[in-house]
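This report refers to the structure that appears directly beneath it.
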Amino acid sequence: MYNYPDKLGHFGPYGGIYVAETLMGALEELNQAYEKYRHDPAFIAELNDDLKHYVGRPSPIYHARHLSGHLGGAQIYLKREDLNHTGAHKVNNTVGQALLAKRMGKKRVIAETGAGQHGVATATVAARYGMECVVYMGSADVQRQSPNVYRMKLLGATVVPVESGSKTLKDALNEAMRDWVTNIEHTFYIIGTVAGPHPYPMMVRDFNSVVSRECVVQMPEQTGQQPDVVIACVGGGSNAMGIFYHYIDMPGVRLIGVEAGGHGIASGQHAAPLTSNSPVGVLHGNKTYLMQDANGQIIETHSISAGLDYPGVGPEHSWLKDSGRAEYVAINDEEALAAFHELCHFEGIIPALESSHALAYAMKIAPTLSREKILLVNLSGRGDKDINTVAGLSGITL
Amino acid sequence: MSRIQSTFDKLAQQRRKALIPFFTAGDPSPAFTVPLMHTLVEAGADIIELGVPFSDPMADGPVIQRASERALKHLVTLHQVLDWVAEFRKRNVLTPIVLMGYGNPIEAMGWETFARRCAEVGVDGVLTVDFPPEESHEAFAHLAAHCIDPIFLLAPTSTDARIERVARQARGYVYYVSLKGVTGAGHLDLAAIAGKIPELRRHIKLPIGVGFGIRDGETARSVAGLCDGVVVGSRIVQLIEDSPEQEVLARVGELVKALRFAVDQA
C-alpha cells in the first residue's frame with residue numbers, strides 16, 4: 001500500500017524540511033497538532049460538516065457528452081470542483097487548515113497566492129472563523145488578477161503586493177514565510193499547494209484528497225467502473241494530488257499530470273519542471289524538480305495561467321514521476337486557451353485557465369482512444385477570474 | 001586545528017570577543033568583494049561571513065534581499081565567490097572565512113565538488129540557512145571529509161532536543177539568531193538573550209556567536225558581553241547600499257572599527 005511520506009516528510013528523495021532554524025519550532029508545533037487532529041472524530045466531523053454545508057460537497061461528476069461526441073473517442077467526465085464555494089478546489093484545503101488553526105489557538109492567518117484563488121479561499125475561511133487575514137501576492141499578479149484582489153478585500157483580508165524578485169507566486173511565498181517567522185506565536189500560515197516544508201505537502205494533499213474519495217464512489221455509480229485515466233493540471237500540484245490520491249493504489253488507473261507548457265518547452269518560457277527534465281533542487285522548504293539555471297538560481301517561469309506560474313512542483317509529484325506511477329506532460333498556452341473556448345461552446349462551462357490545461361490534454365488523447373474508455377478530468381476551478389485575460393488575448397477590453 | 005577554532009582560542013586567551021561582519025559577495029559589484037574583505041580585516045574583523053547570493057533568500061529581510069539582487073544583476077555565481085576567496089587568501093592566510101547562504105546553489109554545483117573547492121581556496125566554514133540538522137547529514141559529510149566546519153543556527157524557539165542535536169553536529173561555532181524574524185529586523189531583547197545563552201551552553205561546548213538585529217556599537221557591546229562573538233550583517237549591507245561607490249570601503253572600514261572598539265569594551 002502507498003504510504004508516503006515518511007515521518008520527516010520524505011517522498012523518496014524528495015520533500016523534507018529545508019527551512020531555517022527559526023521556523024523549525026513552528027513546524028514541529030504544526031506537525032504535532034496535525035497528527036493529533038487528523039484522526040480525531042470531532043475534528044473530522046466539523047470538517048465534513050463545513051465541507052458539506054459551507055463548501056457544497058460532494059461536487060458532482062459531469063459527463064461532457066457533447067464535447068466527447070465532437071471529439072469522437074473516449075468519454076470525458078469532469079469532476080466539478082469549479083462548483084465549490086469560492087469556485088475552485090482550494091477551499092477544501094483552507095477549511096481544513098483554518099479549523100486546525102482554530103484548535104491551535106491562532107488568531108491570525110496568512111497566505112500566499114498566485115491567481116488569487118487560494119487567497120480568496122483563505123480570506124473566505126478567515127471571515128467564516130473570525131480570524132485576521134493577510135495575503136501576500138506578487139505585484140505582477142495583483143495587476144493581472146484584479147477581480148480576485150477586490151474579492152479578498154471584500155472578505156476583510158489585507159492584500160500585500162510583493163515587489164521582490166519576479167513579483168509572482170514564488171516571491172509571495174518567500175514573503176509569507178518571512179511574515180510567519182516574524183509573527184510565529186499567533187500566526188498560522190495556510191500554504192495553498194502541496195509544496196513547502198513537511199507537513200504541508202502531506203497535509204494539503206490530505207485535505208484535497210476528499211476529491212478522489214468522492215470520485216472512487218461516484219464513478220462506479222455513474223459509469224459502472226473506475227476511470228481508465230485521471231487527468232489534472234499541475235502547478236504546485238494540489239488539485240492533482242487531490243484527485244490522484246485514492247487512485248494511487250489502483251494500478252489499472254492511469255494518472256496524468258499536465259504542466260504549463262507556456263510558449264512551448266523548447267522556448268524555455270514555461271512552468272513545466274517535470275516535463276522539461278529540470279534538475280532537482282531545494283526551494284521553499286522542500287527538495288523537488290526545480291526550474292533553475294546552471295548556478296542554482298531559480299529562473300522566471302511563464303504561463304498564461306497565474307495559478308500554474310511556479311518554478312517548482314510538489315515533492316510528491318517528483319516521486320510519482322520517478323516511481324512511474326504518474327505521467328507528466330505539458331500543454332502550451334494556445335492549446336489551453338483553445339480548450340477553454342471549446343468547453344464554453346460545447347458544455348456551457350467556463351473553466352479556469354489552469355484547469356483548461358488538463359482539459360486540453362484530455363481533448364488531445366480522447367480521439368486516439370475507443371469510445372468505451374473513460375477520462376476523468378479535474379475541473380479544478382471556474383474561469384470567471386480569467387475573463388479579463390481571455391478577452392485581452394482576443395483584443396477585447398472589458 | 002581549524003582556523004576558526006584557533007581564532008576563538010586566541011581571543012579567549014586575550015579575553016576578547018569575536019567580531020564577525022557579514023556582507024554579500026558581489027555587492028555592490030564584483031570588483032568590491034576582495035577589497036572589502038581586506039578592509040574588514042584591517043578594521044578589526046576576526047572572522048568574515050561572506051554571503052553567497054541567491055534568487056530566493058527566504059530568511060532575509062529587505063536589506064540583504066536587495067544585496068542579493070544587486071549581486072545577481074552582475075551574474076555572480078558560487079564559482080566566482082570561491083575564486084574571490086582564493087584571491088583573498090593570497091594576502092591573508094589567517095582570517096577564517098565562512099560562506100553563508102542557501103543550499104540550492106551548492107546542490108547545483110554538487111556537495112562533493114563544493115567541499116573540495118572550499119578546501120582548495122581556503123574556506124573554513126559553511127552555513128546553509130535552509131539546511132537544518134535533519135536534512136544536512138549527507139551534505140555535511142562531504143564538508144567533514146575536507147575539514148570544513150558546518151556552522152548551524154539556533155533560535156529563540158529552538159527546543160532543548162534541537163539544541164542538543166545541533167551540539168552534536170556543529171563545528172567551529174554556533175550562530176544564535178537573537179530575534180524572531182528575518183535578518184535586519186526589529187530590536188534586540190537583551191534580557192531574552194541573557195536568559196537563553198546559559199541554556200545553550202548546557203549542550204554547546206563550541207563558541208556561540210549572536211546575530212540578527214545588531215545595529216550599533218552600543219548593542220554590539222551589550223551582546224558581546226553575553227556570548228563569544230557578535231555577527232553584524234544588515235547594518236553593513238545597508239551602509240554599502242547607501243554609500244557612493246568610491247566611499248564604500250572607507251565607510252565600511254569606519255563602521256567596523258567603531259564596532260571593534262565597542263566589542264572590546266565588553
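The values are calculated or read from the model by the stated rules, or taken from the named source; none is laboratory data. Bear in mind the structure is a predicted one, so any value in this text is a computation, not a measurement. Here the Cβ is made from the backbone with ideal geometry for all residues, glycine too, and neighbour counts use every protein chain on show. SASA here: full protein model, heavy atoms, side chains in, ligands and nucleic acids out. Shrake-Rupley method; radii C 1.70, N 1.55, O 1.52, S 1.80 Å.
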Completion exercise
Cα-Cα longer than 25 Å, checked against A:170/A:364; B:10/B:205; A:52/A:321, kept in input order, equals A:170/A:364; A:52/A:321
Fill in the blank from the handout: chain A, Gaussian network, Cα under 10 Å: of A:41, A:367, A:201, the residue fluctuating most is A:41
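Could you tell me the total accessible area buried at the A-B interface, probe 1.4 Å, in square angstrom to the nearest hundred?
2900 Å²
Just check chain B against the gyration tensor rule for me: Cα atoms, a ≥ b ≥ c as the square roots of the eigenvalues, rounded for a/c under 1.5, and otherwise prolate or oblate depending on whether a/b exceeds b/c. Before the final figure, lay out the partial values.
Values: a/c = 1.34, a/b = 1.07, b/c = 1.25.
Judged from the Cα gyration tensor, chain B comes out rounded (a/c under 1.5).
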Completion exercise
Karplus-derived 3J(HN,Hα) from phi for the stretch A:198-208 (6.51 cos²θ - 1.76 cosθ + 1.60, θ = phi - 60°), whole Hz, x at Gly and Pro, runs 3, x, 4, x, 6, 5, 5, 4, 4, 5, 7
Completion exercise
Candidates A:142, A:120, A:216; GNM for chain A (alpha-carbon contacts under 10 Å) flags as most fluctuating A:216
Completion exercise
In degrees, nearest 10, the alpha-carbon axis of helix A:21-37 is tilted away from the dominant principal axis of the alpha carbons of chain A by 60 degrees
Handout entry: Spin-label model distance (nm) - residue A:146 vs residue A:300, 7 Å beyond Cα toward Cβ
Key = 2.1 nm
Fill in the blank from the handout: Taking every other residue with Cβ under 9 Å from the Cβ of residue B:98 and scoring Lys and Arg +1, Asp and Glu -1, one gets -3
Practice task
Taking every Cα atom in the protein assembly as shown, find the radius of gyration and the maximum pairwise distance Dmax, and write them in Å.
Solution key: 26.0, 86
Problem - Charge dipole magnitude, Cβ of K and R +1, D and E -1 - the protein assembly as shown, Cα centre, debye nearest 20 - result: 980 debye
Exercise for the section: Rounded, prolate or oblate: pick one for chain A, where a ≥ b ≥ c are the square roots of the eigenvalues of its C-alpha gyration tensor, a/c under 1.5 means rounded, and failing that, prolate if a/b is larger than b/c, else oblate. Expected result: rounded
Handout entry: Sites residue B:13 and residue B:75, calculated FRET efficiency, Cβ-Cβ separation with R0 51 Å, nearest 0.05
Key = 0.70
Handout entry: Per residue, in Å², the accessible surface of the protein assembly as shown once ligands and nucleic acids are set aside, probe 1.4 Å
Key = 35 Å²
Exercise for the section: Would you jot down the residues in the stretch B:105-131 that end up with at least 40 Å² less accessible area in the complete protein assembly than in the chain alone, with a 1.4 Å probe? Expected result: B:107, B:108, B:130
Fill in the blank from the handout: Expressed as a whole number, the average count of other chain Cβ atoms within 10 Å around the Cβ atoms of B:161-167 is 1
Handout entry: Efficiency of FRET from Cβ geometry, residue B:147 and residue A:128, R₀ 45 Å, rounded to 0.05
Key = 0.20
Exercise for the section: Please check which bits of the stretch B:154-194 a label hung off residue B:6 would reach, taking the label as a point 7 Å along Cα-to-C-beta and the cut-off as backbone N under 20 Å. Expected result: B:171-174
Practice task
Report the label-to-label distance for residue A:394 and residue A:249 in nanometres (one decimal), using points 7 Å from each Cα along the Cα→Cβ vector.
Solution key: 4.6 nm
Problem - Nearest-0.05 FRET efficiency for residue A:39 and residue A:63, computed from C-beta distance (R0 41 Å) - result: 0.70
Fill in the blank from the handout: Between the modelled labels at residue A:103 and residue B:246 (7 Å from Cα along Cα→Cβ) the distance in nm is 6.6 nm
Practice task
Towards the positive end of the charge dipole of the stretch A:70-155, with charges on Cβ (+1 Lys, Arg; -1 Asp, Glu), say which of A:136, A:109, A:70 has the farthest Cα.
Solution key: A:109
Practice task
Could you please state how large a percent of the accessible area of the protein assembly as shown is carbon and sulfur, counting protein chains only and using a 1.4 Å probe?
Solution key: 53 percent
Handout entry: For the stretch B:7-21 versus the stretch A:329-398, the gap between their alpha-carbon centres in whole angstrom
Key = 65 Å
